[in-house]
Amino acid sequence: MTDTLIFNARLIDTDAHEVRPGALLLSEGRIAEVFDTPTPEVGTDRVPEAARIDARGRHLAPGIVDIGVKVCEPGERHKESFKSAGLAAAAGGITTMVTRPDTLPAIDTPESLEFIRRRANEAAPVNVLPMAALTKGRDGREMTEIGFLMDAGAVAFTDCDHVITDTKVLSRAMTYARSLGALVMMHPQDPGLSAGAAVTSGKFASLRGLPGVTPMAERMGLDRDIALVEMTGARYHADQITTARALPALERAKANGFDVTAGTSMHHLTLNELDVSDYRTFFKVKPPLRSEEDRQAVLEALRSGLIDVVGSFHTPQDEESKRLPYEEAASGAVGLETMLPVLLRLVHSGDLDLPTLFRAMSLNPARRLGLDSGRLARGAPADLVLFDAEKPLILDRFKLESKSKNTPFDGARLQGKVLGTWVGGVRVFG
């Protein structure tokens, strides 16, 4: 592998929390040198002219680590495959996909996990780290073989949106996970209150005649999970915090020193319940879109560091699943390729700065999973994204690499385009 020099760049330093001019030297899959000058003197004997890339003043950042990606293998390959998801991730500046186990069947055995790893290594140009189910079949009745699944490569355990209602089963699983140091990821939601809901309850839901769920359902689910963390000492990550009501409970848990982190989704940071408008099913996600007050509260929690991680929660659905009455339509939206330009809206509006955004997309998820990526530092993996933050574009969903095209941002005017993606020093896009 030849060395590569990316020069004349604006480096997004997630450690120092700054953007500064500089250059990177890549060697043997890692960052060999970080230069504070945009045009360092590196001899052609070290880096030939063909291996020098002029960033032309664009931003160079750590590659995105996306926790909670659904790839529909096995079972629903017509919606998304590892190849199509990998291409979409590369085009979106995502260098590591952390995949969910909510496939058909669920990823709940070492054999099924090994199948996922093999398929991913064959087909995807980016890193793929699989999560495994916490209970068999995600049914909430019997915990999986957590130790064997960790040996097979599982980086975390989750039943996704199937909330475990039997607290004894959940407490035993969390206790066992604690003994092995395994990360448990939960979907904070009270399943009784949220059953059958399509939107967040309130005036808008009533006007549209749609079944709603109170924001308190998220608060109640999180309160229960935190109580179990206190009881078991487990490492815990809340996949999506989307309401203001849940934030005080999260703040108390962190203040009490519990091993708790939380994420939110790109959609809940940039959209609100009114975007559903006249029953637009591409805006139906889980949890449902919240009020503008909730969106602003979650955004402030991300700025302050109370919420640690932002993910795409990429959930492919085919046209047949979405072209239904709103209440019956499937939840979910694709986001691998749209995540960066959509979240750059918050940068352009002055709501976030780039170091804060990339800490949440790259550094914090990497740290939570025990990875050494997410940083522009000497010795770190050369997983990188080069992008033009000012480039205007109109999103055309039919040009996305994903097999499924269910994005709520079709036709949206965005600013920000990925120009290059590197995984282990190898350019996989651009």
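Miscellaneous remarks
- Sequence-ordered 3J(HN,Hα) estimates for the stretch 385-399 from the Karplus curve with 6.51, -1.76 and 1.60 and θ = phi - 60° stand at 9, 10, 9, 9, 5, 9, 5, x, 7, 10, 6, 10, 5, 6, 9 Hz, glycine and proline given as x.
- Nearest-10 value in Å² for the accessible area of Ser321, using the 1.4 Å probe: 20 Å²
- Kirkwood estimate for the stretch 151-229, i.e. one over the average of 1/r between Cα atoms, Å: 14.1 Å
- Under a 5 Å amide H cut-off, with hydrogens placed 1.01 Å from N, Arg58 pairs with Arg10 among residues at least 5 apart or on other chains.
- If only the Cβ of Lys and Arg carry +1 and only the Cβ of Asp and Glu carry -1, the dipole of the stretch 361-430 around its Cα centre is close to 100 debye.
- Helices of the chain meeting both criteria, an alpha-carbon length of 30 angstrom or more along the long axis and an average Kyte-Doolittle score not below -0.5, with helices taken as full DSSP H segments, do not occur.
- The value given for the stretch 293-350 is a Kirkwood hydrodynamic radius of 13.6 Å, derived from the mean inverse Cα-Cα separation.
- P(r) histogram, all alpha-carbon pairs of the stretch 230-286 included - 5 Å bins from 0, percent: 4, 15, 23, 18, 13, 10, 8, 6, 2, 0
- Table column - 3J(HN,Hα) (Hz), the stretch 28-35, Karplus curve with 6.51, -1.76, 1.60, x for Gly and Pro: 6, x, 10, 7, 7, 7, 10, 9
- The Cα trace of the chain gives Rg and Dmax of 21.0, 70 Å, the first to one decimal, the second as a whole number.
- Percent of Cα pairs exceeding the 26 Å cut-off, where the set is the stretch 297-430: 30 percent
- Within the stretch 1-98, the GluC sites (Glu not before Pro) that combine a DSSP coil assignment with at most 16 other C-beta atoms in a 10 angstrom radius are Glu28, Glu41.
- Packing-based order for 125-134, 374-383, using average beta carbon neighbours within 10 Å, highest first: 125-134, 374-383
- Helices in the chain, meaning DSSP H runs of at least 4 residues, each add -39500 (n - 2.57). Divided by all residues, the mean residue ellipticity at 222 nm is -8000 deg cm²/dmol.
- Per-residue ³J(HN,Hα) for the stretch 152-161, Karplus 6.51 cos²θ - 1.76 cosθ + 1.60, θ = phi - 60°, Hz, x for Gly and Pro: 7, x, 5, 9, 6, 10, 7, 9, 6, 7
- Overall dimensions of the stretch 1-115 as given by Cα atoms, namely Rg and Dmax in Å: 18.8, 54
- Under 5 Å from the amide H of Leu129 lie the amide H atoms of Met97, Val98, Thr99, each residue being 5 or more positions distant or on a separate chain, with H modelled from the backbone and absent for Pro and chain starts.
- Full extension of the chain between Ser277 and Thr165 yields a length gain of 37.0 nm, computed as 0.36 nm times the residue separation minus the alpha carbon distance.
- Charge dipole of the chain (Cα centre as origin; +1 on each Lys and Arg Cβ, -1 on each Asp and Glu Cβ, all else neutral): 300 debye, rounded to the nearest 20.
The values are calculated or read from the model by the stated rules, or taken from the named source; none is laboratory data. Since we're looking at a predicted model, the values are computed, not measured. Don't worry about glycine lacking a Cβ; one is built from the backbone with ideal geometry, like all the others, and counts go over all protein chains shown. Quick note on the areas: whole protein, heavy atoms, side chains included, nothing else; ligands and nucleic acids left out. Shrake-Rupley method; radii C 1.70, N 1.55, O 1.52, S 1.80 Å.
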